[in-house]
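One structure below.
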Amino acid sequence: MCTQLAIDGEEIPTSPGKLMPVTLPYAERNPVRIPLSKTAFAREFHLWRMHGKLPCASEAEAFEVAKQKVTTKYGAAQVMWFHTAFGKGYIAGVTRFAEKNPEYDPSRPTNEETNPFFLWFDAPAGLVVPIVLSVDTYRWNPKKQEGLRVVANILTRDAGVIVPPEIHGREPYFMRAEDWLADGLPAKRA
């Protein structure tokens, strides 16, 4: 993954399977640690394509849908997040985020000043990174129809909204926690 987050000053690489501190609406004071999905960066337009509604009403329903949607079309056994999304959460306390430098030259030594791999940006104060919860085919066993797990998917949006358009384009989508957890989604911005 290209994005890296700093949460309360601690840098956390956002790689698939990496545990992220996710706050859930029913446990706001106690963040849980949920692994990121292989399809971790759930782009904004997927939710609007679904008219702002998550496709499954409950975790149990998401598990059942996942069993029907398991595919190896895109590599190892997986189920795309937008078939099995069932809940909202968020990552709080993001102070900075990094994007892969589009001008990074792998033939030269990595140097934060002359050839940085990451470009760091300050996160907007008081906002959170929305998370969509879904089901992933972790250690999926097709014979036993088991091996699923709940994963987090960071919501991202197109470049040019928060960072300059020349950056990679997978920066986190920041918004107020109250807006994200409200029913439906805010109107799509131009």
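The values are calculated or read from the model by the stated rules, or taken from the named source; none is laboratory data. What you see is a predicted model, and the numbers here were worked out from it, not measured in a lab. Cβ atoms come from the backbone with ideal geometry, glycine included; neighbour counts cover every protein chain shown. Accessible surface is based on the protein model in full, side chains and every heavy atom, while ligands, DNA and RNA are left aside. Shrake-Rupley method; radii C 1.70, N 1.55, O 1.52, S 1.80 Å.
Please report, to two decimal places, log10 I(q)/I(0) for region 2-42 at q = 0.22, 0.26 Å⁻¹ as given by the Debye formula with identical point scatterers on the Cα atoms and no solvent.
After summing over all Cα pairs, the log10 values are -0.78, -0.98.
Using +1 on the beta carbon of Lys and Arg, -1 on that of Asp and Glu, and nothing else charged, what's the dipole of region 44-180 about the Cα centre, debye to 20?
800
Give me the accessible area per residue for the chain, probe 1.4 Å, as a whole number in Å².
Result: 54 Å² per residue.
Just grab the label-to-label distance for Asp105 and Arg29, each label 7 Å out from Cα along the Cβ direction, in nm (one decimal).
Each label point is offset 7 Å from its Cα along the Cβ direction, giving 5.4 nm.
Give me the net charge of Gly147's neighbourhood, meaning all other residues with Cβ under 11 Å from the Cβ of Gly147; Lys, Arg count +1, Asp, Glu -1.
+3
Can you give me the convex hull volume of the Cα atoms of the chain, divided per residue and expressed in Å³?
Taking the convex hull of the Cα positions in the chain, it is 138 Å³ per residue.
Please report, in cubic angstrom per residue, the volume enclosed by the convex hull of the alpha-carbon atoms of region 8-70.
It is 132 Å³ per residue.
In nanometres, what is the gap between the two model label sites at Arg139 and Lys18, each 7 Å from Cα along Cα-to-Cβ?
In this crude label model, Arg139 to Lys18 measures out at 2.3 nm.
Less than 29 Å apart at the alpha-carbon level, and either on another chain or at least 8 residues along: which lysines does that give for Lys73?
Straight-line reach from Lys73, under 29 Å: Lys18, Lys38, Lys53, Lys88, Lys100, Lys143, Lys144.
Quick one: dipole size for region 96-157, taken about the Cα centre, charges +1 on Lys/Arg Cβ and -1 on Asp/Glu Cβ, in debye to the nearest 20.
The calculated dipole for region 96-157 is roughly 540 debye.
Which value does Rg/Rh take for region 118-158 over its C-alpha atoms, Rh per Kirkwood?
Reported Rg/Rh (Cα atoms, Kirkwood Rh): 1.23.
Provide the per-residue ³J(HN,Hα) series for region 57-69, in order, calculated from phi with Karplus coefficients 6.51, -1.76, 1.60 and θ = phi - 60°, each as a whole number of Hz, with x at glycine and proline positions.
Karplus-based 3J(HN,Hα) across region 57-69 equals 7, 8, 5, 4, 5, 5, 5, 5, 5, 4, 4, 7, 9 Hz.
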